[in-house]
Each structure stands twice: as C-alpha cells, then as structure tokens.
Amino acid sequence: CCELRKKFSVDDALDVWGVHGMGGFWGTILLGALADPSECGDAATAPKYCVNPGTVTRSGEQFGKQLAAAVLCAVYSFVVTFVLLKLINLVVPIRPSAMGKQRSLDFTEHGEEAYTPTKAYAAPQKSEETPAFESSAPVQV
C-alpha cells in the first residue's frame, strides 16, 4: 500500500494510511476467512486445535459481516476526518509550505523518509537541500 500511494503521488506523512489504515482494513476483513473452523463454535465440544473455541468461526456470513464493518468504518473515518480538517482549516491553514510540495512531507515535517524500501538506510549528509532540524528554532504563529 505504501508503494501504491507513491505511484499515485499521494503524500501521506509517515505512511499512516498505508501501514495502519490498510493493515487494519485487511486484518478486519480476513478475520472472517481465517478464523477457527465451524467445529470450534461450541467451546464445550471444540477440538484441541481450536485457537479461540466458542468465539468467531470462519464462514461466508462472517466474512460478509467483517467486510461490511470494515467498509462502514472506512467511510465513517473518511467523512469525519474530512469535516474536521475543513473546520481546522478555517482557523489554521493545514496546507504544507512550498518546501513541503517540492519534497515529501516525511522529509520536510519529520526530517526522514518512512517505509521507503528503495532508500539507502544511512544518515543523510548535511547539505543545502537537507535542512538542519534544531529544537531551539523559533516557532512562527
């Protein structure tokens, strides 16, 4: 998912959507397909190989419930986030600076690139392109 978002040129600081959003979405859906089999439904008669006897068992019905719940949560999260960001934007602009548009938000806001398997994992050398991040820098309001 992190590579897919890069392909579509969507900037997601620290790849939150790709890691947490899609990981949680797929994990929720797959619970319906990868849960214990139906013989594990009754805790009293469940075989020893059951991981969680007496709880959720895999079935097409459970898969559908998990899919519906994941889609509903994704839509709800999108709508609430969109509304909250619009409200916040009325008070404080949330668009990144011009520097943030030229480079990724990971780099300009956090000083690093997250989940980039093609990068060399070494400390960057200070140059004119690489800003020095100091904790004593003044905050502009």
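The values are calculated or read from the model by the stated rules, or taken from the named source; none is laboratory data. Only a predicted model underlies this, so the values are computations on that prediction, with no experimental measurement involved. In this analysis, Cβ positions are derived from the backbone assuming ideal geometry, glycine residues included, and neighbour counts consider all displayed protein chains. For the accessible areas, the whole protein counts, side chains as well, though only heavy atoms, and no ligand, DNA or RNA atoms are used. Shrake-Rupley method; radii C 1.70, N 1.55, O 1.52, S 1.80 Å.
Per-structure values
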{"quantity": "Index of the failed condition, residue 42 passing every other in (1) of a type in the set (Asp, Glu); (2) touching a helix residue (DSSP H, G or I) at 6+ places or on another chain (Cβ under 6 Å); (3) part of a loop (DSSP other than H, G, I, E, B)", "calculated": "(2)"}
{"quantity": "Close pairs from the range 60-89: first without any contact (Cβ under 8 Å) to a residue 12 or more places away in the chain, partner part of a helix (DSSP H, G or I) and among the acidic types (Asp, Glu), Cβ under 7 Å, at least 6 apart", "calculated": "none"}
{"quantity": "Residue satisfying all of: in the range 1-20; surrounded by 14 or more Cβ atoms within 10 Å (Cβ to Cβ) and assigned to a loop (DSSP other than H, G, I, E, B); modelled with the lowest pLDDT among these", "calculated": "11"}
{"quantity": "Selected residue [open to solvent by less than 50 Å² (accessible area, probe 1.4 Å) and under 27 Å from residue 81 (Cβ atoms)] from 23, 54, 41", "calculated": "23"}
{"quantity": "Of residues in the range 62-89 being open to solvent by less than 60 Å² (accessible area, probe 1.4 Å) and over 21 Å from the mean Cα position of the chain (by Cα), the one modelled with the highest pLDDT", "calculated": "64"}
{"quantity": "Residue count for the range 26-38, restricted to those that are without any contact (Cβ under 8 Å) to a residue 40 or more places away in the chain and open to solvent by less than 50 Å² (accessible area, probe 1.4 Å)", "calculated": "6"}
